[in-house]
Amino acid sequence: MNVAAEVKRKETGDGAVRNHWNVEEAKALYDLPFADLMLQAQLAHRNNFDPNHLETASLLSIKTGGCPEDCGYCSQSAHYETGLKATRLMDCTDVVAAARRAKDAGATRFCMAAAWRTPKDRDLESVCDMVNAVKGLGMETCVTLGMLTPNQAVRLAEAGLDFYNHNVDTSPEFYSKIITTRSLQDRIDTLAHARDAGIKLCCGGIIGMGEHVEDRLGMLVLLANLPSHAESVPINLWNKIEGVPVEDTAEPPDSIAMVRLVATARIMMSRSVVRLSAGRHYMSDELQALCFLAGANSIFIGDVLLTTKNPKVDRDADLLARLGITSGLAGGKQCVAPTSGQGEKCK
Ligand code: SAM
Ligand code: DTB
Ligand code: SF4
């Protein structure tokens with residue numbers, strides 16, 4: 001039996017999620033004739049999710065820029081001249097006001113991001129207040145704060161945090177070309193601390209930085225071989241930033257390669273929500289529609305991500321309406337209730 005058929009057999013057997021993939025198996029899926037790959041991806045999608053529904057999350061940068069890490073793709077690293085102004089940690093009341101606007105615009109999850117290597121304990125307590133208050137709005141909460149100690153993860157869990165976002169970013173082989181100030185193992189340790197504290201994981205990476213197809217697949221293998229799959233897997237297409245090292249190496253995947261990667265992720269992590277994350281503003285409606293057909297079932301909504309552009313909410317609502325996809329977005333078939341104004345208290 002060839003590798004793709006073997007993978008298919010395992011995947012459609014008892015439906016159990018696998019976490020012992022290798023790059024050869026991933027490549028065999030990725031290289032299938034397009035129609036065969038899409039069929040497998042759609043079967044995996046339909047077996048685990050409503051294929052006509054998208055999750056809608058919104059992002060807020062609660063502490064921007066001045067980051068000591070040297071991630072070569074990022075506008076917020078203090079190592080590069082990107083023209084970004086660093087800010088202090090936002091006030092809880094301003095964060096809650098932004099979360100309320102995001103909810104009213106149709107987001108069901110609110111992700112708060114801070115440009116830290118690791119949070120100071122005092123700052124972590126402020127973030128715990130934000131998590132608690134945003135949960136009071138009835139939204140799912142996610143934070144991304146850099147590396148965590150086990151105790152910090154427990155504090156976030158106690159505050160009611162639903163998801164911790166911490167990406168592996170790329171393949172083990174390409175990693176050192178992009179980041180030198182923290183190791184892949186550091187990231188895997190933080191993911192384990194969050195998991196051990198009972199927090200769900202949001203973990204994915206970036207493509208289009210100049211990596212090879214094998215690196216993109218190596219990233220998927222890394223993700224799919226985690227002890228348990230992240231519940232959310234964001235696939236970010238690099239959003240161009242002037243002044244960072246990746247500017248010199250970047251090469252976006254062609255559209256078909258993008259769809260193939262999403263489909264491969266869907267098959268390998270069949271029960272995870274796959275987010276078509278940064279970079280959607282470069283994509284045509286048709287490419288996004290193909291990514292949704294390939295199994296992507298989450299997007300960020302809102303005109304900005306952290307420091308870069310995202311498609312306008314109206315454009316997203318129009319696209320989802322034309323595709324008959326339900327979501328929290330107005331114009332979709334299912335709308336979230338307006339916020340009640342109750343429960344969301346900052347200390
Ligand atoms: N500082 C925290 C950390 O890195 O863990 C959290 C924020 S960081 C901006 C979260 C993730 O966003 C990164 O791991 C990376 O995968 C993604 N990201 C950052 N800049 C990006 C860009 N220009 N384009 C696409 N994705 C990006
Ligand atoms: C993730 O994987 N993508 C989001 C979220 N996690 C924090 C961040 C995207 C950032 C895009 C670049 C920017 O706006 O600065
Ligand atoms: Fe800092 Fe996160 Fe940007 Fe890396 S990706 S430079 S850790 S904000």
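Here's how it looks for residue 207: its modeled amide H is under 5 Å from those of 236, 237, 238, which are all 5 or more places away or on a different chain. When only alpha carbons are used to place a centre, the range 18-34 and the range 131-182 end up 28 Å from one another.
In order along the range 111-126, the Karplus-derived 3J(HN,Hα) couplings, from 6.51 cos²θ - 1.76 cosθ + 1.60 at θ = phi - 60°, round to 10, 9, 10, 10, 7, 10, 6, 7, x, 6, 4, 5, 5, 4, 5, 4 Hz, and Gly and Pro are given as x. Sequence-distant contacts, meaning Cα pairs under 8 Å at least 6 residues apart, place the relative contact order of the chain at 24 percent.
Taking only Cα atoms, what is the 0 to 90° angle, nearest 10, from helix 34-48's long axis to the longest principal axis of the chain? In the chain, helix 34-48 runs at an angle near 50 degrees to the longest axis.
Global dimensions of the chain from alpha-carbon coordinates: Rg and Dmax equal 19.2, 61 Å.
Each Cα pair under 8 Å and six or more residues apart adds its sequence gap; the mean of these over the residue count of the range 253-323 is a relative contact order of 31 percent. Residue by residue, the range 176-189 carries 3J(HN,Hα) couplings of 6, 7, 10, 9, 10, 7, 8, 8, 4, 4, 3, 5, 5, 5 Hz when phi is fed to the Karplus relation 6.51 cos²θ - 1.76 cosθ + 1.60 (θ = phi - 60°); x denotes Gly or Pro. For the chain, a crude dipole built from +1 on the beta carbon of Lys and Arg and -1 on the beta carbon of Asp and Glu, taken about the Cα centre, is about 820 debye to the nearest 20. Couplings 3J(HN,Hα) of the range 237-243, computed from phi: 8, 4, 8, 4, 10, 7, x Hz, in residue order, whole Hz [Karplus 6.51 cos²θ - 1.76 cosθ + 1.60, θ = phi - 60°; x for Gly and Pro].
Taking the charge dipole of the chain about its Cα centre, with +1 at Lys and Arg Cβ atoms and -1 at Asp and Glu Cβ atoms, the residue from 203, 250, 127 reaching farthest to the positive side is 127. Which entries in the list 177/309; 135/347; 309/345 go over 23 Å, if you measure between the two C-alpha atoms of each? Check vs 23 Å cut-off fails for 177/309; 309/345.
Close amide H pairs (under 5 Å, H built 1.01 Å from N) link residue 53 with 326, residues at least 5 positions away or on another chain.
Bear in mind that the values in this text are calculations on the coordinates, not laboratory data. Computed from a predicted model, the values in this text were never measured in an experiment. Using ideal geometry, Cβ is built from the backbone for each residue, glycine included, and neighbour counts are taken over all protein chains shown.
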